[in-house]
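Below: one structure, written as structure tokens.
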Amino acid sequence: DAVKAQVMELLHPLKGMRPGPAVHKLLQDLAHFESGAAFCAHLLSFLILYVRGLGKRTAQLTAQLVSSAPGTEMRLTLFVGVVAGTAIQTLGQSLSVELADMLGRFLDDVRNLDPREKEMLVGLLDSALAESV
């Protein structure tokens, strides 16, 4: 719950920022997280922010796709894969490489989280997507 509150607190001031500066700030912040749950939550936040920047229709379609996936780990990895695949195509080369490295860490970390942490991350994702649509 502390991680979820921290992430929501992090996302709130970024809502008014242009996507480029917000992306750069979040990627810088991500490198400093050692906890797997905190890192995963913050990477999800980055990707949620990115989806919000793509518009309401894209956010709705993403939310619908993620909600249909079975299991918490599948929902998390599906969301990250879909959104990161889109982001990598539009971000600059250096940010794309940095994001790809972080995706590898996300996949390792999420696999090692306990079920309660995975549920917390899915709750965060569902809450944030609901706010976006």
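Got a number for residues in region 113-123 being part of a loop (DSSP other than H, G, I, E, B) and open to solvent by 30 Å² or more (accessible area, probe 1.4 Å)?
Filtering region 113-123 down to residues part of a loop (DSSP other than H, G, I, E, B) leaves 113-114.
Going one step further and asking which of them are open to solvent by 30 Å² or more (accessible area, probe 1.4 Å), we end up with 114.
Total meeting the criteria: 1.
Go through (1) farther than 25 Å from residue 32 by Cβ; (2) in contact with a Cys (Cβ under 8 Å, 6 or more places away or on another chain) one by one and return the number of the condition residue 78 breaks.
Here residue 78 meets the rest and fails (2).
Just for region 56-102: of the residues that are of a type in the set (D, E, K, R) and within 15 Å of residue 26 (Cα to Cα), which one is most open to solvent (accessible area, probe 1.4 Å)?
101
Between a first residue in region 66-77 that is touching a residue at least 60 places away in the same chain (Cβ under 8 Å) and a second residue that is open to solvent by 30 Å² or more (accessible area, probe 1.4 Å), which pairs have beta carbons less than 9 Å apart while being 6 or more apart in sequence or on different chains?
Close Cβ pairs satisfying both conditions: 66/75; 66/78; 66/82; 66/126.
Could you please find all residues in region 103-112 being closer than 17 Å to residue 70 by Cα and open to solvent by less than 70 Å² (accessible area, probe 1.4 Å)?
Passing the criteria: only 110.
Name the single residue that is most open to solvent (accessible area, probe 1.4 Å) among those in region 30-55 being outside any helix (DSSP H, G or I) and farther than 10 Å from residue 83 by Cβ.
Our first condition is that a residue be outside any helix (DSSP H, G or I); within region 30-55, this holds for 31-35, 54-55.
In the following step, the residues that additionally are farther than 10 Å from residue 83 by Cβ were identified as 31-35, 55.
On the way: 31: 71, 32: 144, 33: 44, 34: 171, 35: 59, 55: 27 Å².
Here the answer is 34.
Does any residue in region 113-133 that is over 15 Å from residue 40 (Cα atoms) come within less than 6 Å, Cβ to Cβ, of a residue that is assigned to a helix (DSSP H, G or I) six or more places away or on a different chain, and which pairs are these?
Pairs that qualify, where the first residue is over 15 Å from residue 40 (Cα atoms) and the partner is assigned to a helix (DSSP H, G or I), are 129/63; 132/52; 132/59; 133/59; 133/60; 133/63.
The values are calculated or read from the model by the stated rules, or taken from the named source; none is laboratory data. The structure displayed is predicted, hence computed values, not measured ones. As a convention, Cβ positions derive from the backbone with ideal geometry for all residues, glycine included, and neighbour counts pool all protein chains shown. The area values use the complete protein model at the heavy-atom level, side chains included, leaving out ligands, DNA and RNA. Shrake-Rupley method; radii C 1.70, N 1.55, O 1.52, S 1.80 Å.
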